[in-house]
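Structure first, commentary second.
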Amino acid sequence: MVASPIQAQASSDVNKSNANANVRIMKNQDGSYTEFRRSSDERVIERRTYGDRAGGSGDRVLRMSVIYRKDVYGKLRSGRVHDGSGKVLYRVVYGYRKSDGKLAAEDMFDARVKRTKAFQNPQTKKWEEKEVPVRRLYHRYDAQGRPSKPIVFCAPAGKTAEKLFGKDKGSYEGADPWANDHRTINPNARPTQ
């Protein structure tokens with residue numbers, strides 16, 4: 001009988017210390033602050049970035065927040081990126097390898113506009129629409145299983161290569177590199193014999 005109130009009090013003290021450990025604040029190099037919060041079951045993590053107000057009055061305003069969700073095994077599964085007013089900008093989906101469970105890919109989708117691409121399904125031979133990510137990260141690992149730098153693909157929306165780089169621009173700058181027009185890269189070079 002006497003032990004149960006002491007155990008209840010000890011467990012409430014542990015909960016108080018865990019509640020304090022669920023928030024971290026970090027100062028960034030540009031003067032902004034980032035606040036990390038996690039739920040008591042550690043399955044929801046929220047990151048908020050605060051910056052100074054534009055007028056310089058000394059108070060801070062929310063610039064951006066990201067909410068990450070984990071599965072029961074502690075692996076990230078999804079995320080949502082919000083602007084300062086709380087509007088959802090992007091959705092993030094995480095994928096893992098079946099062989100060893102390591103992170104394989106991160107796909108970031110635009111939450112404001114659904115960007116799709118048409119493809120033909122090989123089984124049904126029908127054309128279908130599939131959502132295309134704005135940014136895709138492929139995570140790589142070396143032979144010892146250590147992570148290497150990821151490969152990042154960004155798809156700028158609404159522009160063709162001609163609009164981005166110009167009509168005559170490219171890796172060859174619109175000229176035939178094998179043409180015999182007697183131009184040299186080095187103007188001081190002697191002709192070959």
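Would you check which residues across region 115-147 are more than 21 Å from Val92 (Cα to Cα) and assigned to a loop (DSSP other than H, G, I, E, B) and list them?
Scanning region 115-147 gives Asn121, Pro122, Gln123, Thr124, Lys125, Lys126, Asp142, Ala143, Gln144, Gly145, Arg146.
Among the strands (runs of 3 or more DSSP E) confined wholly to region 25-80, which include 2 or more residues that are in contact with a Leu (Cβ under 7 Å, 6 or more places away or on another chain)?
Those strands (runs of 3 or more DSSP E) span 44-52, 60-70.
Based on this model, can you work out whether Pro133 counts as surrounded by 10 or more Cβ atoms within 10 Å (Cβ to Cβ), more than 24 Å from Phe36 (Cβ to Cβ) and modelled with pLDDT of 90 or more?
The answer is yes for Pro133.
Can you go through Asp71, Asp142, Asp59, Asp107 and tell me which one is loosely packed, with under 11 Cβ neighbours inside 10 Å and modelled with pLDDT of 90 or more?
Step by step, each of Asp71, Asp142, Asp59, Asp107 is checked, and only Asp142 is loosely packed, with under 11 Cβ neighbours inside 10 Å and modelled with pLDDT of 90 or more.
The values are calculated or read from the model by the stated rules, or taken from the named source; none is laboratory data. None of the values given here were measured: they were computed from a predicted structure. Methodologically, a virtual Cβ is constructed for each residue, glycine included, from the backbone with ideal geometry; neighbour enumeration extends over all protein chains shown.
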